[in-house]
Structures are given as structure tokens and as C-alpha cells.
1. In segment 6-143, if the dipole is taken from +1 on Lys/Arg beta carbons and -1 on Asp/Glu beta carbons about the Cα centre, which of ILE18, ILE44, ALA131 is farthest to the positive end?
2. For segment 83-172, which whole percent of the accessible surface, found with a 1.4 angstrom probe, sits on carbon and sulfur atoms?
3. Need the full-extension length gain, ARG236 to THR168, defined as separation in residues times 0.36 nm minus the C-alpha distance. One decimal, nm.
4. Once the whole set of protein chains is in place, how much accessible area is left on THR36, using a 1.4 Å probe, in Å² to the nearest 10?
5. By how many degrees, between 0 and 90 and to the nearest 10, does the Cα long axis of helix 70-83 differ from the longest principal axis of the chain?
6. Hey, of (i) 1.05; (ii) 1.24; (iii) 1.39, which did the structure itself give for Cα Rg over 2.2 N^0.38 Å when calculated?
7. If I take R0 = 22 Å and measure r between the Cβ atoms of ASP52 and HIS9 in this structure, what FRET efficiency does the formula 1/(1 + (r/R0)^6) give, to the nearest 0.05?
8. How tilted is helix 215-231 with respect to the longest principal axis of the chain? Cα atoms for both, answer in degrees (0 to 90, nearest 10).
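The values are calculated or read from the model by the stated rules, or taken from the named source; none is laboratory data. Quick caveat: nothing in here was measured; it's all calculated off a predicted structure. A quick note on method: Cβ atoms are made from the backbone with ideal geometry, for glycine too, and the neighbour counts reach across all protein chains shown. Protein only, heavy atoms only, side chains kept; ligands, DNA and RNA dropped before computing areas. Shrake-Rupley method; radii C 1.70, N 1.55, O 1.52, S 1.80 Å.
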Amino acid sequence: MRPLGLYLHIPFCKAKCIYCDFYSLPRSEEKMDAYTEALRHDLIHWAAEAKDCTVDTIYFGGGTPTALEASDIERVIKAVRRYLPLANDCEITYEGRLSGFGTDKMEAALAGGANRFSLGVQSFDTKIRQAVGRRSDKETLIRQLEKLMSYDQAAIVIDLIYGFPFQTLETWKEDLRIGRELNLDGIDCYQLRVFEKSPLYKYIQNGKLPPGPDHELRAAMFQEAVQSMHEAGWKRLSISHWA
């Protein structure tokens, strides 16, 4: 049996972040319900194609998979468990954002069988977040992460990004500190890419937002992530991933 990894795309967002240039659709309950059902039928079809495989990793990405209704979240995760030949230790990752990810959705994802969450925090700093279209403030983010971790049923990983407007080395250090002290299972540290077709690029060009840190400061931010995570005893898995 050959191993197989699957990526399943959930293309809906309640609000599109101004730095994002990936494909997504506005959140619509009718469209999300129809998409979930279509995806379920696709899984039934592909189950026959995968009969000689063992699925060892499944990743629900987006868009924002947590934009789905709680019932759809549970339905789509249960579908992969029902129809696909999963390994006993299959890792099922559910990606999303904490804004709008209430306890009903958390519990639906866990009931469905998600055992890993990848959550786009990007920055805990409220000013930086709101400047680029993120809704939740720092205190709300921390409370929601602590709630999700309290179930103790899945690995919790967050994304942090350096290079945003208004971001300094000090605010980046604070993001890293909060992440380390939350007792998470992983932290991914990415450099922001400003796509030319994104609203953020236009805002910077029009002077509505200041440009983010220059190359020298971004290099210092990357170095800070590597050094501080190492000193805190985290294990580096790749250029931007720590466990």
C-alpha cells in the first residue's frame, strides 16, 4: 500500500485580508452547504481511486475552512474518515482563523476527527492586525487559543508573519514571546509577500499604509525567530517551522 497525502480546499472567507492574493469566495451559507456536499461526492469517487493507498495526511486548507458552519465542518471531516482508506495514525489538519471560530465549530471539528489545527494568527498586535484586515484583538485570540487547547484533543499550531506595516522588531519579539508561552505544539514563522495585485500593495503605493519593514529589518526578524525559539528549547523542523 503506497502512502497518500490529500489537500482539500475550502474556498470561502468571511472577509479577505488585504495582503491575500489567493483564490477565495465571499462566505455564503447556501454555497458552503452545496460545496460541502459536492466535496463529499468527490470523496466517494476518489475512494475507488485510492483503494491501493493508505492516506496518512489530510489537510483542509483555504480560503478559510473555519468559515464553514459547524455542521458542515463536522460533515466534511467525517466524510474523509468514512470513505477513504486512512492510516491508523492519519494526521487530519484543519486550517483557519480564530475570528468566528467559536466553541460550536471547535467541537464540531474535534467530533469529526480533526487532530491538528493550523491557525493563522499572523500577529497578536491589535493595531497591526486591524491595519491588514484581521478582526480579533490580542486578548480575544489568546482566550480562543486557550479554549481550543483546553480540549486536549489535537495539536495546535499557529502562523506568525513578519513584514507587516507598523511592525517593529519589538512587536515581533512580543508575538514570538506570546506564542512560546502559550504552550502550543508548533509555531510557523513566515515572511510577508506583498503581491502586486493585492489591496495591501495598492494601499502602500497610494500612501494609505506605510511600507512594512525593509530587507535589513526583516533579516533581523528572521534571525530573532531562529535564535529565540532555539534558546527557548523549541525544535526547528524546517526553515520556518518549529515544534
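1. The Cα lying farthest towards the positive end belongs to ALA131.
2. Values: 1470 of 3400 Å².
C and S fraction of accessible area: 43 percent.
3. Details: separation 68, 0.36 × 68 = 24.48 nm, distance 2.35 nm.
Between ARG236 and THR168, full extension yields an extra 22.1 nm.
4. We get 0 Å² for THR36.
5. In the chain, helix 70-83 runs at an angle near 50 degrees to the longest axis.
6. Comparing each candidate, only (i) matches the computed number.
7. Numbers: r = 24 Å, r/R0 = 1.10.
After rounding to 0.05, the efficiency reads 0.35.
8. 60 degrees
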